[in-house]
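Throughout, read-outs are computed from the coordinates displayed, never taken from laboratory work. Note that this is a predicted model, so its numbers are computed, not measured. Neighbour counts run over all protein chains shown; Cβ positions are idealised from the backbone, glycine included.
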Amino acid sequence: MIRPMLLAASLLLMAAPAPSDAADLKRSIFGKTIDGRDVEAITLTNPSGMSATILTYGATLQALMVPDPAGKLADVVLGYDDVAGYEKSANYFGASVGRYANRIAKGRFELDGRSYQLALNDNGAASLHGGQAGFDKKIWSVARVTEGPSASVEMTYVSPDGEEGYPGTLTTTVTYTLDDQNGLAIDYRATSDRPTIVNLTHHALFNMAGHSAAQSALDNVLQLAASRYLPVDEHLIPTGALSPVEGGVFDFLAPTVIGARVRDGAEPQLVVGRGYDHSFVLDGAAGALRLAARLSDPSSGRTLEFWSDQPGLQLYSGNFIDGTTVGKQGHVYRQGDGVALEPQRFPDAPNQKHLGSAVLRPGQVYSNSILLRASPMSRSRE
């Protein structure tokens with residue numbers, strides 16, 4: 001069940017009065033790929049000043065300006081100032097990842113009696129985030145833009161049959177919608193002409209103090225509506241167990257500083273993951289949009305809620321960011337400078353049936369709905 005503290009806070013946010021002005025949308029050329037293709041940037045802005053910039057490269061959230069309670073804005077997602085940064089990066093900053101987000105053990109799965117082999121792009125042990133050139137490395141097409149009380153952009157990508165080893169032609173859309181109450185919805189939909197497997201998600205890395213703040217994202221406070229998590233083996237593949245979090249280092253049922261326990265060497269799971277790189281089982285019924293997490297920066301009061309209709313949420317504490325990455329405004333990103341909260345189906349589900357089906361068949365529609373809701377400005381301080 002969702003904890004009362006989470007639910008009460010969300011109701012207060014949703015009850016806040018909405019500004020009367022409409023959100024707006026601007027389009028521009030962000031840059032060119034190494035082979036000369038244009039990459040477009042679409043910026044959605046609401047009357048509070050909150051804005052989201054989305055690139056056609058990887059359907060990527062390049063920037064997310066979020067206000068604190070006094071209205072001071074900060075860009076809270078890690079990223080790059082140019083296309084080359086995203087082309088060279090293996091960090092998936094802000095990207096839409098697929099066809100299958102997360103890991104598939106040995107890059108193999110069976111579907112309807114046939115075996116499929118995917119690229120082993122994760123230390124030779126697994127297929128990760130769709131393979132060598134997943135959806136994060138594709139240029140998506142802008143299908144539709146809208147303005148009004150909410151501003152939105154819909155992007156599409158058609159993945160041909162056999163791409164990265166996956167069967168079926170998969171037609172995928174993602175719609176980013178920014179409303180006038182500081183909510184950014186990210187909605188994925190997909191259909192296929194053959195049976196296939198699908199697990200799409202959004203891979204932004206957040207620091208609610210700001211992507212270039214002196215404070216690490218490990219100083220952020222996290223609360224999860226998740227009573228169980230999936231332990232992993234030495235290759236970060238779920239062992240098959242669903243373990244209770246209560247009382248241990250994976251217990252975020254109450255608001256907890258992420259870095260408080262991340263270096264606890266007595267916990268083998270943190271050693272093997274180099275920190276948190278684990279899937280949590282969200283409380284409540286999958287298929288219904290429900291509050292999954294709250295991430296906040298104590299110094300500014302800047303807070304973001306994560307709503308999801310998925311069964312799981314991957315927590316990744318930026319363990320493999322090694323200080324060699326120069327991001328936006330020339331800022332060097334180091335381990336723990338960003339935290340990912342990725343609503344999705346479970347890793348390796350195609351090979352572990354008790355984790356639920358990831359199969360999409362012709363005539364069915366895959367969906368993953370995510371809502372990021374920032375705290376509204378305090379009306380007494382505007």
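For Arg302, the conditions (1) over 18 Å from the mean Cα position of the chain (by Cα); (2) under 23 Å from Thr191 (Cβ atoms) are fulfilled apart from (2).
Give me the residue from region 127-156 that is touching a helix residue (DSSP H, G or I) at 6+ places or on another chain (Cβ under 9 Å) and outside any strand (DSSP E or B) and, out of that set, surrounded by the most Cβ atoms within 10 Å (Cβ to Cβ).
Here the residue is Gly130.
Strands (runs of 3 or more DSSP E) fully within region 301-382 that include at least 3 residues being small (Gly, Ala, Ser): 366-374.
Any residue at all in region 113-120 that is under 19 Å from Asn368 (Cα atoms), touching an Asp or Glu at 6+ places or on another chain (Cβ under 8 Å) and either among the polar types (S, T, N, Q) or outside any loop (DSSP other than H, G, I, E, B) (or both)?
No; the residues of region 113-120 include none that is under 19 Å from Asn368 (Cα atoms), touching an Asp or Glu at 6+ places or on another chain (Cβ under 8 Å) and either among the polar types (S, T, N, Q) or outside any loop (DSSP other than H, G, I, E, B) (or both).
Taking the conditions (1) touching a helix residue (DSSP H, G or I) at 6+ places or on another chain (Cβ under 8 Å); (2) touching a residue at least 24 places away in the same chain (Cβ under 8 Å); (3) part of a loop (DSSP other than H, G, I, E, B) in turn, His235 satisfies each one other than (1). No other residue among Pro238, Pro255 is touching an Asp or Glu at 6+ places or on another chain (Cβ under 7 Å) and either within 19 Å of Pro347 (Cα to Cα) or not acidic (Asp, Glu) (or both) apart from Pro238.
Take the residues in region 88-112 that are in a loop (DSSP other than H, G, I, E, B) and charged (D, E, K, R), then tell me which one is surrounded by the most Cβ atoms within 10 Å (Cβ to Cβ).
Looking only at region 88-112, we keep the residues that are in a loop (DSSP other than H, G, I, E, B), and these are 89-94, 98-99, 101-102, 106-107, 112.
Then keep just the ones that are charged (D, E, K, R); that gives 99, 106, 112.
Numbers: Arg99: 28, Lys106: 17, Asp112: 9.
Filtering first and then ranking leaves Arg99.
Once region 217-239 is narrowed to residues that are of a type outside the set (A, V, I, L, M) and closer than 13 Å to Leu295 by Cβ, the residue that is surrounded by the fewest Cβ atoms within 10 Å (Cβ to Cβ) is Asp219.
So that you can scan it fast, the table gives a plain yes or no per residue for (1) buried (at least 21 other Cβ atoms within 10 Å of the Cβ); (2) touching a Ser or Thr at 6+ places or on another chain (Cβ under 6 Å); (3) of a type outside the set (S, T, N, Q):
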position	(1), (2), (3)
Pro298	no, no, yes
Asp309	no, yes, yes
Leu313	yes, no, yes
Gly318	yes, no, yes
Val326	no, no, yes
Leu341	yes, no, yes
Arg345	yes, no, yes
Leu355	yes, no, yes
Ser369	no, no, no
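Here Leu118 meets each of (1) closer than 21 Å to Ser28 by Cβ; (2) crowded, with 17+ Cβ neighbours inside 10 Å with one exception, condition (1). If the condition is being exposed (fewer than 13 other Cβ atoms within 10 Å of the Cβ) and either of a type in the set (S, T, N, Q) or outside any loop (DSSP other than H, G, I, E, B) (or both), then region 240-259 contributes only Pro244.
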